[in-house]
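The block underneath contains the structure these notes are about, expressed in structure tokens.
The values are calculated or read from the model by the stated rules, or taken from the named source; none is laboratory data. Computed from a predicted structure; not experimentally measured. Glycine gets a Cβ as well: all are built from the backbone with ideal geometry, and neighbour counts include every protein chain shown. Heavy atoms of the whole protein, side chains included, go into the accessibility calculation; ligands, DNA and RNA do not. Shrake-Rupley method; radii C 1.70, N 1.55, O 1.52, S 1.80 Å.
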Amino acid sequence: MAKLVVRQGRNIDAEHPIPSDGTRTVLGRANESDIQVLDTQASREHAEIVCEGERFRLRDLGSANGTRLNGRPVRGETELRFGDKIRIGETIMQFVPETREAADGDFESMQTSGDLPAVPPAEG
């Protein structure tokens with residue numbers, strides 16, 4: 001299970017669960033979007049996330065201003081990893097596990113973006 005957390009922009013700290021059943025999650029400015037991005041630079045249907053097995057994929061939907069992942073333009077589809085940051089206009093959302101329990105033992109993959117603090121190993 002995963003979710004997007006708004007780190008910059010309107011609705012900061014808002015959390016949006018991402019379904020893991022293969023359905024597409026549309027990010028965009030439209031009221032009908034699964035995750036509404038309250039940003040004037042967002043297209044009505046800007047990008048989508050789809051879970052394929054245990055992997056989540058991000059795809060730009062031909063938006064006017066593009067989608068960035070960790071500062072790089074998204075071309076075609078790209079795999080998401082915990083800790084990744086998606087930028088649409090001035091809005092930044094971070095892809096994280098839905099619960100802390102889901103992330104136990106998987107902190108190394110969360111730190112791939114270099115923006116998360118190091119987590120010491122559990123004692124015991």
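Here each label is just a point 7 Å from Cα along the line to Cβ, and for ARG68 and VAL5 those points are 2.1 nm apart. Over the range 18-67, the fraction of Cα-Cα pairs per 5 Å bin, rounded to whole percents and listed from the shortest bin up, is 5, 26, 27, 22, 13, 6, 1.
Going by accessible surface with a 1.4 Å probe and the largest first, LYS85, LYS3 read LYS85, LYS3.
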